[in-house]
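Working notes, beginning with the structure itself.
The values are calculated or read from the model by the stated rules, or taken from the named source; none is laboratory data. Since the structure is predicted, the reported quantities are computational estimates derived from the model, not experimental observations. Every residue, glycine among them, receives a Cβ derived from its backbone with ideal geometry; neighbour counts consider all protein chains shown.
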RNA sequence: GGCCCCAUAGUCUAGCGGUUAGGACGUUGCCCUCUCACGGCAGUAGCAUGGGUUCGAAUCCCGUUGGGGCUGCCA
């Protein structure tokens, strides 16, 4: 814990791929943990792998976190800007005899490894350069810097894992004299991560399970450099439906893809917080709930399989809780440039409001509005062939047209101040009620029922078997457009007969 | 191979020595209904395995099996 007794966490991705599900969960856990204690959350870009790091990925990570409202308290720290810091610590370790230069070539080390493996031993560095005499060191020759791991019979290095609530330790003999500075002078992950976490005064490190065996190495480094050792919590991996680990190297979907597919950030966060963490039987969490209740003690220890069905369910729940005006904007945010934007007017609102409980993604919302977005519709034979129409169909449609014509145009009045949402919604409700009332009168006067006439109206007005409720459809499509569609529909079935 | 971690329905999980093993997704049936949904009701399916400890074990201990991670001059 630092001086202020403040909890400080971080998310430290490497920009070698798009931000994916597993990374987001780690980021989210760190974020809500810090916020739970009123602490700070930081972002550090670990771009020391010069070959694989790319700006494109870096931007994707930043954008995705922003979209998810997982916002760092300070600007991101870039390891590539801190090389001189790492160098000074490497020099110090060298001077203090806690690290040493190693001149072994990669080929030589490879040979060692193969030999150890064939002898059934752990393929570790042989320690050949561990105790070179000064005259044997020629710094002009290619070399790396290795950490001199503490050796000794029965010596162990361990830590208490907060996610498991128990100690995990390793025999020091299992720990290699690992490389801390590469041949090109760039620090390796284990070295840079320790220096940065210490200098950034990170108090709690919540990260993936895959780092468990790095932890003793890092603890040795903390001790060697005289830093305080932070707390650790290792979160289990997320598995694909095949039971294999989900990672960016194994085709995990990116956050940006989920956004494109019409998922809400609230839903993604909600799904991920529940994947590996629980708070009793609760399922629905908003960010403030997560911050309020999140606790390392309730993290599950076993790996979790990613399940899209449940994510879809959560997405539908979060969509339902948003007002239609917002949904229209969200759908437009992710629309393909080839698509017309949805107009944020009362007609669209009428449909979106009734579609809210019928969709699982924003993409679906848009698809279900196709009949409305397009000025005219095409009647598809593969749909209409399922139905039979006769003389009575035409008689009914003609009457229905007459009914629409007779409707007071005021019902379709759309001039409303959308900034006054409740008023707009009220007006909408009245219009739909009016249509419903008038329509029911029309039906009963003719001894018809909604049940028997709904399908033909739906087909005529939308061209589909499935649509939003008809009163809303009539209101949204509007009087004139409805009439035009009925005419067109009549022509279509007339020819077919 | 070595080291480390993990194990409740198809999936996510609650449970922390005494429960008819709870909830959620999915799935099935029914109700509601202008279609599709939503909603409501009901059903479906689970403690990997073998030993201990205990009056009593999903819960504690050990072995087995299974899964995962690490074993890089990746992170």
With respect to residue A:272, is the statement that it is under 30 Å from residue A:167 (Cβ atoms), in a helix (DSSP H, G or I) and touching a residue at least 60 places away in the same chain (Cβ under 8 Å) true? yes
Residues in the stretch A:455-478: is at least one in a helix (DSSP H, G or I), at pLDDT 95 or above and either away from RNA strand B (no atom under 16 Å from the Cβ) or more than 27 Å from residue A:343 (Cβ to Cβ) (or both)? yes
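State yes or no: is residue A:496 at pLDDT below 90, more than 23 Å from residue A:355 (Cβ to Cβ) and surrounded by 11 or more Cβ atoms within 10 Å (Cβ to Cβ)?
On the way: at pLDDT below 90: yes; more than 23 Å from residue A:355 (Cβ to Cβ): yes; surrounded by 11 or more Cβ atoms within 10 Å (Cβ to Cβ): yes.
In short, yes.
So, residue A:48, is that one within 11 Å of RNA strand B (Cβ to nearest atom), in contact with a strand residue (DSSP E or B) (Cβ under 7 Å, 6 or more places away or on another chain) and modelled with pLDDT under 95 or not?
Yes; evaluated as a whole, the condition is true for this residue.
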Counting just the residues of the stretch A:138-164 that are more than 13 Å from RNA strand B (Cβ to nearest atom) and surrounded by fewer than 15 Cβ atoms within 10 Å (Cβ to Cβ), which one comes out nearest to residue A:297 (Cα to Cα)? A:155
Sort out which residues of the stretch A:102-122 are in contact (Cβ under 8 Å) with a residue 40 or more places away in the chain and within 43 Å of the chain's Cα centre (by Cα), and write them in order of number. A:102, A:122
Within the stretch A:66-84, does at least one residue satisfy the condition of being farther than 21 Å from residue A:10 by Cβ and either within 16 Å of RNA strand B (Cβ to nearest atom) or in contact with a helix residue (DSSP H, G or I) (Cβ under 9 Å, 6 or more places away or on another chain) (or both)? no
Odd one out for residue A:256, checked against (1) more than 14 Å from RNA strand B (Cβ to nearest atom); (2) buried (at least 20 other Cβ atoms within 10 Å of the Cβ); (3) part of a helix (DSSP H, G or I): (2)
Report the residue count in the stretch A:173-185 for those that are in contact (Cβ under 8 Å) with a residue 40 or more places away in the chain, more than 7 Å from RNA strand B (Cβ to nearest atom) and either at negative phi or assigned to a helix (DSSP H, G or I) (or both). 4
Are there any pairs, at least 6 apart or on different chains, whose C-beta atoms fall under 8 Å, with the first in the stretch A:390-411 and assigned to a helix (DSSP H, G or I) and the second surrounded by fewer than 16 Cβ atoms within 10 Å (Cβ to Cβ), and if so, which? A:394/A:494; A:396/A:448; A:399/A:446; A:401/A:487
Which one is nearest to the chain's Cα centre (by Cα), of the residues in the stretch A:190-208 that are within 11 Å of RNA strand B (Cβ to nearest atom) and surrounded by 18 or more Cβ atoms within 10 Å (Cβ to Cβ)? A:207
Of all residues in the stretch A:114-137 being exposed (fewer than 14 other Cβ atoms within 10 Å of the Cβ) and within 14 Å of residue A:175 (Cα to Cα), which is farthest from RNA strand B (Cβ to nearest atom)? A:121
Residue A:218 fails exactly one of the following numbered conditions: (1) part of a helix (DSSP H, G or I); (2) within 12 Å of RNA strand B (Cβ to nearest atom); (3) within 21 Å of residue A:69 (Cα to Cα). What is the number of that condition? (3)
